[in-house]
1. How would you classify segment 28-133 from its alpha-carbon gyration tensor, with a ≥ b ≥ c the square roots of the eigenvalues: rounded for a/c under 1.5, else prolate if a/b is greater than b/c, otherwise oblate?
2. Within segment 164-208, which residues have the backbone N less than 18 Å from the label spot 7 Å out from Leu263 along Cα→beta-carbon, could you tell me?
3. Tell me, what is the percent relative contact order of the chain, built from C-alpha pairs under 8 Å that lie six or more residues apart?
4. Given charges of +1 on the Cβ of Lys and Arg and -1 on the Cβ of Asp and Glu, with all other atoms neutral, how large is the dipole of the chain about its Cα centre, in debye to the nearest 20?
5. Please give the direction-averaged projected area of the C-alpha convex hull for segment 22-88, in square nanometres with one decimal.
6. Please compute the volume of the convex hull spanned by the alpha-carbon atoms of segment 45-198 and report it per residue in Å³.
7. What distance in nm separates the two pseudo spin-label positions at Trp306 and Ile16, each 7 Å out from Cα along the beta-carbon direction?
8. Would you please put 241-252, 151-162 in order of how densely packed they are, using the mean number of other Cβ atoms within 10 angstrom per residue and starting with the highest?
Amino acid sequence: MILMVLGGIGSAIGAISESTRLQFGYSWLQAFMFCLSFTMGGLFLVMAHHLFDAGWSVPIRRINEHLACLAPVMAVLFIPIALMAKRLYPWMTSNPTEDHALAVKIPLFTAPMFYGVAVICFIAWIAISFGLRNASLRQDTEGGAKPTLRMRCISAGGIFVFAITFTLGAIMWMKALMHEWFSTMYGVWYFAASTWLTLITVYVIAMALKRMGPLREVMHEKQFYFLGSVYFAFTVFYAYVTFAQYFIIWNANMPEETFWYVLREKGSWWDISMLIIFGHFFVPFLALLRIDAKLTPWLMIFLATWSWIMHFCDISFNVMPVFHKEGFVLHWLDLATLAFMVGVLATVFLKYFAAHPPYPQRDPRMSEGLGRYVSPGPASPSLISESGGTR
């Protein structure tokens, strides 16, 4: 509530004042893309759970479902970006006949398509996330195979919709700030960064809920170890994708691609790029090399805090050089908009969590995830053959 109130007041002041309105627009976009990572990361982890028929991740599935169901809140938070789009994205008011880079990207880079993509993305994310959670809640009350099969079917089709819409969102809302730039890795980069951040955040949330009681009986070392292991894997995956994007562009040395990095080598943006290289990859990578590190609470809390800082720097590195070409600037509106959005999302998440069971109640994989063997019941009479054996 404190974050929401203070951040909301600061954001309102920035939006009203003409001298800070453009700064507010970029700060709001930066905070929006930062917070969207939690929603999309949660949605992916829910679908991955069902697609792989995982057992260990059953106790944390409800946390990820609630994160994914923050999509309607993100749709509302997108409204200021939609209203300020023409000031944030200069290509919206450019003439394609005078801008070759814009002309070759029509009809994607047009005002109708910009708003159309936003509508399609949020409708898809809301439909998938609430479809999965509704089926999950029906599984709690009804049991049986139907809700489980429905969640698997939604995930099977939803993963393709997720990949397309998530890539479009990253391109239209961040990459389009410099519409001349070409990159085929941008959607994968944002996906890797978002899932990386969500994994360590879910780790800390689950640890807190275990200590407070709601997840005390279902969160064991196994769940925390695997969460830490997947976080470690996405640390490497993020580094691979980020380096691959840079190396391909550097090796080709084409002006329509390299200018994006040339701008980010000026002033203190060079320092931020070095911080991302060593802080975003080497710190978590080296910290988690020991197998027992993934079960060390103080270390994981430190890595969660560090990951939030690194992801903020990463998003700023992609958004802010358009506005602050001379170097990195931590404006008070950056903190105000981020505090407001985090406060809103946390409030809605806690409301979701209080309204539903803290973890799936009748998931068939729960016993497997907890490492417990459930002996089968007596055979049904219809399964007993005349010879006394079972069919």
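Taken together, the values in this text are just the output of simple stated rules run on the coordinates, not laboratory data. Everything quoted here is computed from the prediction, not taken from an experiment. Cβ sites come from the backbone with ideal geometry, for glycine too, and all protein chains shown count toward neighbours.
1. Details: a/c = 3.14, a/b = 2.34, b/c = 1.34.
Prolate, because a/c is 1.5 or more and a/b exceeds b/c.
2. 170-187, 190
3. Numbers: 452 pairs, mean separation 123.9, N = 391.
Rounded, it is 32 percent for the chain.
4. Working: 26 positive and 21 negative charges, 203 e Å.
Magnitude of the dipole: close to 980 debye.
5. Details: hull surface 19.5 nm².
Average projection, Cα convex hull of segment 22-88: 4.9 nm².
6. Enclosed volume per residue, from the Cα hull, is 115 Å³.
7. 4.2 nm
8. Working: 241-252: 14.4, 151-162: 17.5.
Result, highest mean first: 151-162, 241-252.
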